[in-house]
Amino acid sequence: MVNLVEIRDLKVEATTDSGRRVEIINGVSFDIAEGEIVALIGESGSGKTTIALTLMGHARPGCRISGGSVSVAGKDMVTLSEKQRARVRGTEVTYVPQSAAAAFNPATTIMDQVIEVTRIHGIMSSDEARARAVDLFRALSLPEPETIGRRYPHQVSGGQLQRLSAAMALIGDPKLVIFDEPTTALDVTTQIEVLRAFKSVMKKGGIAGVYVSHDLAVVAQIADRIVVLKGGETKEIGTTEEILNGAKHPYTRELLAAFEPKPRGAAGAAESGPAPLLEIENLIAGYGQVQADGLPLVRAVEHVSLKVEKGRNLGIIGESGCGKSTLARTIAGILPAAVGKIVFDGKELGRSARERSRDELREMQIVFQYADTALNPAKSVEDILARPLTFYHGMNAKARSARIDELLDMVRLPRNLRHRRPGELSGGQKQRVNFARALAADPKLILCDEITSALDTVVAAAVIDLLKELQRELGLSYIFISHDLSVVESICDEIVVMYGGRKVEEISPAKIKTPEHPYSQLLFSSVPRLDPTWLDGLEQDPELVRAYRQR
Amino acid sequence: MNNRVLSLVLSRLLIALITLVIVSFAVFFATTLLPGDTATILLGQAATPEAVEGLRKAMHLDDPAIFRFLRWIVGLLQGDLGTSYANEMPVADLIGGRFINTLQLAGVTALFSVPIALTLGITAAMLRGSLYDRAVTVLTIGVISVPEFMIATSAVLIFAVYLKWLPALSFANEVTSLTELLRIYAMPVITLTFVISAQMIRMTRAAVIETLNTPYVEMALLKGASRPRIVFRHALPNALGPIVNAVALSLSYLLGGVIIVETIFNYPGIAKLMVDAVATRDLPLIQSCAMIFCLGYLLLITAADIIAILSNPRLR
């Protein structure tokens with residue numbers, strides 16, 4: 001039997017800003033059989049989305065398919081004319097985008113966009129299309145399938161939009177569906193539902209799929225075969241079993257290794273001195289107008305108390321919107337607390353950063369999630385690091401220069417990087433500079449707000465190792481905020497689980513397998529494992545899911 | 001349509017009203033700052049101090065400014081624009097015919113320039129990077145850079161002096177037939193279309209390109225939608241806000257800023273009237289003209305804002 005998809009020696013070229021041509025895909029070949037789901041896995045920049053898009057004959061602006069063939073159901077997408085390609089798109093091959101929230105046109109209703117494919121290709125009458133869409137909504141277990149189509153995209157949640165975009169992809173009865181990181185932007189508890197919905201619909205219809213992702217554990221749940229990509233080349237192709245259990249290529253093993261739990265090694269025997277480094281009591285903070293009772297209109301953090309001992313790390317974990325970033329901003333004084341006490345190193349701090357002395361500010365630093373936006377793109381690395389040195393320590397030029405070299409050594413960046421600007425650095429390097437800037441102040445406590453979330457798994461693992469090392473050398477403490485349990489587990493001595501602005505449980509990593517609070521149970525059990533049978537075998541209390549599912 | 005939109009629209013209207021009050025304040029006091037004493041100018045250099053004093057009293061020029069302002073505002077609200085100092089005629093009569101002329105010229109220009117500008121802007125965005133797009137860009141930048149008196153005088157030289165196709169002057173009152181109307185309006189309209197289209201073309205192009213780069217437009221492409229469908233169903237509705245604003249800004253220029261065009265073609269519009277009024281220090285006329293310009297500007301901008309609010313489904 002002929003395969004549904006046959007990609008042979010595919011090459012894609014990109015034109016850089018300077019007009020140079022670079023091959024970003026270097027002779028990739030693989031097949032997809034009817035009804036088979038193949039995962040493309042790799043870090044950002046590995047070309048996985050680019051390859052997936054060539055299946056529709058599409059190359060993003062600036063890119064061009066420069067060689068090879070992509071045969072889908074007997075048609076070579078590379079040689080088809082744009083008109084012929086348009087006929088295949090939406091009917092034979094369809095696409096589920098990474099961020100459904102951005103891929104829905106904000107100006108028209110969901111139903112119009114879901115059935116647009118049938119209108120463009122004249123597949124069926126719009127009444128039929130509507131009825132079919134409602135069936136699909138039901139199959140994807142969307143709430144209120146009859147009426148959800150009448151809403152506008154901004155009126156439904158991210159998880160629902162992601163499933164609606166799957167409905168949009170399935171309505172034309174495709175032979176092949178491309179999923180482009182469809183769950184990356186979702187919370188873990190939401191991800192489970194979306195994955196389940198995708199899996200059941202695909203299996204029922206016997207539809208072939210390409211699943212693009214950087215997350216091996218997610219891919220393991222849904223894919224039959226896995227293609228490992230790096231730098232635009234295939235490193236390894238094999239069935240899911242083969243890849244997970246007998247990976248041959250070193251890069252695949254590296255990816256797998258990033259998943260192994262690395263529990264925090266003997267945490268520097270807790271110096272449980274009498275006074276903790278940071279103690280927060282009954283903190284309330286939020287946004288919007290201050291009400292008559294002195295509380296803000298929308299409270300993002302409610303009655304949170306916690307403690308950080310010297311030299312120990314506290315992890316704060318929770319899903320988007322649970323108030324974890326607001327908590328960090330409140331502790332740092334960027335967003336003054338409405339109520340509550342922040343005691344740092346024995347002294348009570350002012351609620352707003354303005355009320356704190358320069359030394360108090362110096363001792364507590366915050367590192368933000370996106371190094372891209374946190375670093376001034378117009379300044380060189382040197383200038384970025386020099387600023388806190390002048391501000392906090394009043395160093396002269398010579399001392400500053402020496403200290404910048406030291407800081408770059410500390411975060412394992414080559415010294416000659418100091419003259420570059422952030423735009424000329426990779427994501428991991430930028431995050432290191434971002435961290436070095438915090439270190440420049442000689443702090444006692446660093447608030448890390450999702451600092452590894454924008455990084456690829458392998459790079460993130462390296463950053464975490466760096467943090468651990470620096471802690472050993474400098475005796476720092478971290479408050480580590482993340483939605484990623486495995487990251488928090490690997491670096492923290494204490495973990496706080498937050499939900500809806502409240503702290504629901506405080507737990508030590510040792511007991512992470514057996515949380516007490518039902519929400520923690522739900523959250524921890526939702527983290528995908530590398531085991532392909534995990535999703536099918538997973539049983540969650542539907543009551544519990546309903547109670548805590550925000551979206 | 002729900003309460004939120006209604007309250008947004010109402011608040012927008014309220015802001016427009018407040019702006020108008022502030023503007024009237026500014027207009028009134030700015031005109032009183034004009035150098036020279038009205039009474040002296042009216043009576044001429046040879047007037048006796050007594051006569052000047054008498055006139056000042058009769059015209060309430062010695063009253064505190066705030067009283068004069070209030071009297072003026074109350075008059076405005078009652079539709080009384082005051083009496084011209086220069087020729088003792090009611091300002092309303094002076095402005096009336098002129099204002100209609102201006103509106104006619106603006107209307108005809110808008111009728112031509114808006115569709116042309118939108119078409120050029122949208123097609124340039126669709127064919128971004130092509131030779132056509134570059135040609136449009138170069139031409140619009142060229143037109144922006146050339147001052148309007150240059151375009152106007154060149155038009156007169158070419159069409160009226162050398163080719164003798166069109167009359168050099170536009171007396172709007174002598175229109176008898178449609179061809180006559182076209183001949184009279186042709187040159188001012190061409191000139192003004194050049195002046196205001198460039199801005200609209202560039203803004204439209206930028207707004208459409210911005211929406212063409214969004215993921216939902218890529219999604220539409222991957223659904224197999226044709227280019228026109230992508231642009232008209234997915235890109236344009238989301239670019240409407242900025243486009244409408246650019247159009248309103250350009251059109252507001254037609255209501256008050258076309259003095260050069262009016263002068264060159266000798267077109268009896270309101271801008272020319274105002275400049276003449278400044279020469280004769282005819283305060284009521286200046287103030288009324290300024291208020292009309294501001295009102296027109298505010299109406300257009302407010303309308304654009306309201307369209308932008310209504311076209312945003314997030315607010316509906």
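Filtered by the rule that a residue be more than 19 Å from A:Val5 (Cα to Cα) and surrounded by fewer than 19 Cβ atoms within 10 Å (Cβ to Cβ), the stretch A:218-241 gives A:Gly231, A:Glu241.
Would you kindly identify the helices (runs of 4 or more DSSP H) lying entirely within the stretch B:120-237 that contain at least 1 residues that are within 25 Å of B:Thr102 (Cβ to Cβ) and among the β-branched types (Val, Ile, Thr)?
Numbers: elements: B:131-145, B:148-155, B:178-212, B:215-222.
Correct list: B:131-145, B:148-155, B:178-212.
Within the stretch A:361-370, one or more residues are at pLDDT 90 or above, in contact with a Gly (Cβ under 9 Å, 6 or more places away or on another chain) and outside any loop (DSSP other than H, G, I, E, B). A:Pro143 meets each of the listed conditions (1) within 14 Å of chain B (Cβ to nearest Cβ); (2) out of contact with any Gly (no Cβ under 8 Å at 6 or more places or on another chain); (3) not hydroxyl-bearing (Ser, Thr, Tyr) apart from (1). Of the numbered criteria (1) surrounded by 19 or more Cβ atoms within 10 Å (Cβ to Cβ); (2) touching a residue at least 24 places away in the same chain (Cβ under 8 Å); (3) within 24 Å of A:Ile479 (Cβ to Cβ), the one A:Gln429 fails is (2).
Screening B:Arg227 on (1) more than 14 Å from chain A (Cβ to nearest Cβ); (2) at pLDDT below 90 shows it passes everything except condition (1).
Could you tell me which residue of the stretch B:182-224 is nearest to B:Ser113 (Cα to Cα), considering only residues that are of a type in the set (Lys, Arg) and more than 9 Å from every other protein chain (Cβ to nearest Cβ)?
Applying the first criterion (of a type in the set (Lys, Arg)) to the stretch B:182-224 yields B:183, B:202, B:205, B:223.
This time we only want the ones that are more than 9 Å from every other protein chain (Cβ to nearest Cβ), so: B:183, B:202, B:205.
On the way: B:Arg183: 17, B:Arg202: 13, B:Arg205: 15 Å.
If we take residues in the stretch B:182-224 being of a type in the set (Lys, Arg) and more than 9 Å from every other protein chain (Cβ to nearest Cβ), then B:Arg202 is nearest to B:Ser113 (Cα to Cα).
Among the conditions (1) surrounded by 23 or more Cβ atoms within 10 Å (Cβ to Cβ); (2) more than 12 Å from every other protein chain (Cβ to nearest Cβ), the only one that A:Leu136 does not satisfy is (1). Out of A:Val72, A:Val88, A:Val12, one residue alone is more than 26 Å from B:Arg128 (Cα to Cα), outside the structural domain of A:Ser453 (by TED's automatic domain parsing), buried (at least 19 other Cβ atoms within 10 Å of the Cβ) and modelled with pLDDT of 85 or more. It is A:Val72.
Out of all the residues in the stretch A:66-83, is one or more within 10 Å of another protein chain (Cβ to nearest Cβ) and either part of a helix (DSSP H, G or I) or of a type outside the set (S, T, N, Q) (or both)? Checking the stretch A:66-83: at least one residue is within 10 Å of another protein chain (Cβ to nearest Cβ) and either part of a helix (DSSP H, G or I) or of a type outside the set (S, T, N, Q) (or both). Checking each residue in the stretch A:86-97 for being facing another protein chain (nearest Cβ under 8 Å), more than 30 Å from B:Ile309 (Cα to Cα) and not in a strand (DSSP E or B) picks out A:Ala86, A:Arg87, A:Val88, A:Gly90, A:Thr91. Checking each residue in the stretch A:98-113 for being crowded, with 24+ Cβ neighbours inside 10 Å, within 10 Å of chain B (Cβ to nearest Cβ) and either assigned to a strand (DSSP E or B) or in contact with a Leu (Cβ under 8 Å, 6 or more places away or on another chain) (or both) picks out A:Ala100, A:Phe104.
Residue pairs whose Cβ atoms lie under 9 Å apart, separated by 6 or more positions or on different chains, with the first residue in the stretch A:280-308 and aliphatic (A, V, I, L, M) and at pLDDT below 85 and the second assigned to a strand (DSSP E or B) and buried (at least 16 other Cβ atoms within 10 Å of the Cβ), are A:Val290/A:Pro296; A:Leu295/A:Ile284; A:Leu295/A:Gly286; A:Leu295/A:Val339; A:Leu297/A:Gly286; A:Val298/A:Gly286. The set of residues from the stretch A:157-181 being closer than 24 Å to A:Val545 by Cβ, of a type outside the set (S, T, N, Q) and more than 13 Å from chain B (Cβ to nearest Cβ) comprises A:Gly158, A:Gly159, A:Arg163.
Among the residues of the stretch A:443-469, the ones that are under 30 Å from A:Arg358 (Cα atoms) and buried (at least 19 other Cβ atoms within 10 Å of the Cβ) come to 13 in all. The helices (runs of 4 or more DSSP H) found wholly in the stretch A:123-217 and carrying at least 1 residues that are over 30 Å from A:Thr252 (Cα atoms), in contact with a Phe, Trp or Tyr (Cβ under 8 Å, 6 or more places away or on another chain) and in the same structural domain as A:Met56 (by TED's automatic domain parsing) occupy A:158-170.
Does B:Ala248 count as at pLDDT 90 or above and more than 10 Å from chain A (Cβ to nearest Cβ)?
On the way: at pLDDT 90 or above: yes; more than 10 Å from chain A (Cβ to nearest Cβ): yes.
Answer is yes for this residue.
Identify, from the list B:Ala16, B:Ala26, B:Ala30, the residue that is closer than 20 Å to B:Tyr297 by Cα and touching a Leu at 6+ places or on another chain (Cβ under 6 Å). From the options B:Ala16, B:Ala26, B:Ala30, the qualifying one is B:Ala16.
Only a single item in (1) among the small types (Gly, Ala, Ser); (2) surrounded by fewer than 16 Cβ atoms within 10 Å (Cβ to Cβ); (3) touching a strand residue (DSSP E or B) at 6+ places or on another chain (Cβ under 8 Å) is not met by B:Ala46, and it is number (3). Look at the stretch A:476-491: where a residue is over 12 Å from A:Glu319 (Cβ atoms) and a partner is surrounded by fewer than 21 Cβ atoms within 10 Å (Cβ to Cβ) and of a type in the set (Phe, Trp, Tyr), sitting 6+ places away or on another chain with Cβ atoms under 9 Å, you get A:Ser486/A:Phe259.
The values are calculated or read from the model by the stated rules, or taken from the named source; none is laboratory data. On a predicted model such as this, the values are computed, not experimentally measured, just so you know. So basically every Cβ, Gly included, is an ideal-geometry build from the backbone, and we count neighbours across all protein chains shown.
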